[in-house]
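So the structure is just underneath, and the comments pick up after that.
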Amino acid sequence: MERKDKINYYLDIADAVLKRSTCLRRRYGAIIVANDEIIATGYNGAPRGRLNCIDTQYCARETLQIPSGQRYELCRSVHAEANAIISAARSDMIGSTLYLAGRDAKTDEILSDTTPCTMCRRLIINAGIHRVICRISEDDYTVTSVRDWIFNDDSVKPRQEQ
């Protein structure tokens, strides 16, 4: 039997965490690892005490046919990355790695485009997380240095020539 590499080991754990997701469209699981120890986990779902989409059987974004990645303010869920971050102390997250896995809620297929949204990227930056690893297939993943999001700030428009 071949031993699984460490990155896919952690991505498998993130994949197990997403099974707690309550979203009707996409399920995500995130774990934060520092010094080879899991310090926090998170999955996407409604804030504590509120009804979950799986309970109401209603998704505003799905009903309005809003494409993935748009109009997050209509979503009831807190994202997996955000839930993991709020479950850990910043001092524990500095220099850590966030592992993220996603699956389609209806087909259970791995999402090949998994990446944190713009708002979660901001949280990841401020949390002091060093890199983000996203599963894109059973054994493949992307690795992003958070510094790239800081220095390649896509929220700033270039100045127009005067």
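Structure data summary
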read-out: Distance histogram for region 1-50 (every C-alpha pair counted, 5 angstrom bins, percent rounded to whole numbers); value: 5, 20, 24, 21, 14, 10, 4, 1, 1
read-out: Pairwise FRET efficiency - ASP55 versus ASN126, Cβ, R0 = 30 Å, nearest 0.05; value: 0.40
read-out: Prolate/oblate/rounded call for region 11-162, Cα gyration tensor, a/c under 1.5 rounded; value: oblate
read-out: In nm, spacing of pseudo-spin labels at PHE151 and GLN65 (7 Å Cα→C-beta vector); value: 4.3
read-out: Nearest-10 value in Å² for the accessible area of SER145, using the 1.4 Å probe; value: 40
read-out: Prolate/oblate/rounded label for region 36-91 (Cα gyration tensor, a/c 1.5); value: prolate
read-out: Within the accessible area of region 92-162 (1.4 Å probe), percent carbon and sulfur; value: 46
read-out: Using a Förster distance of 22 Å, the FRET efficiency for GLU73-ASP140 (Cβ separation, nearest 0.05); value: 0.10
read-out: Distance between modelled label sites at LYS19 and ASP108, nm, 7 Å Cα→Cβ extension; value: 1.0
read-out: Solvent-accessible heavy-atom area per residue, rounded to whole Å², over the chain at 1.4 Å; value: 62
read-out: Other-chain or far-sequence residues with amide H under 5 Å of SER96's (modelled H); value: HIS130
read-out: Overall form of region 90-162 per C-alpha gyration tensor (a/c, 1.5; a/b vs b/c); value: oblate
read-out: The chain: relative contact order as a whole-number percent, Cα under 8 Å and 6+ apart; value: 22
read-out: By accessible area with a 1.4 Å probe, ligands and nucleic acids excluded, highest first: order of ILE150, ILE66; value: ILE150, ILE66
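The values are calculated or read from the model by the stated rules, or taken from the named source; none is laboratory data. As the structure is a computational prediction, the values presented were derived from the model and not from experiment. Methodologically, a virtual Cβ is constructed for each residue, glycine included, from the backbone with ideal geometry; neighbour enumeration extends over all protein chains shown. The area values use the complete protein model at the heavy-atom level, side chains included, leaving out ligands, DNA and RNA. Shrake-Rupley method; radii C 1.70, N 1.55, O 1.52, S 1.80 Å.
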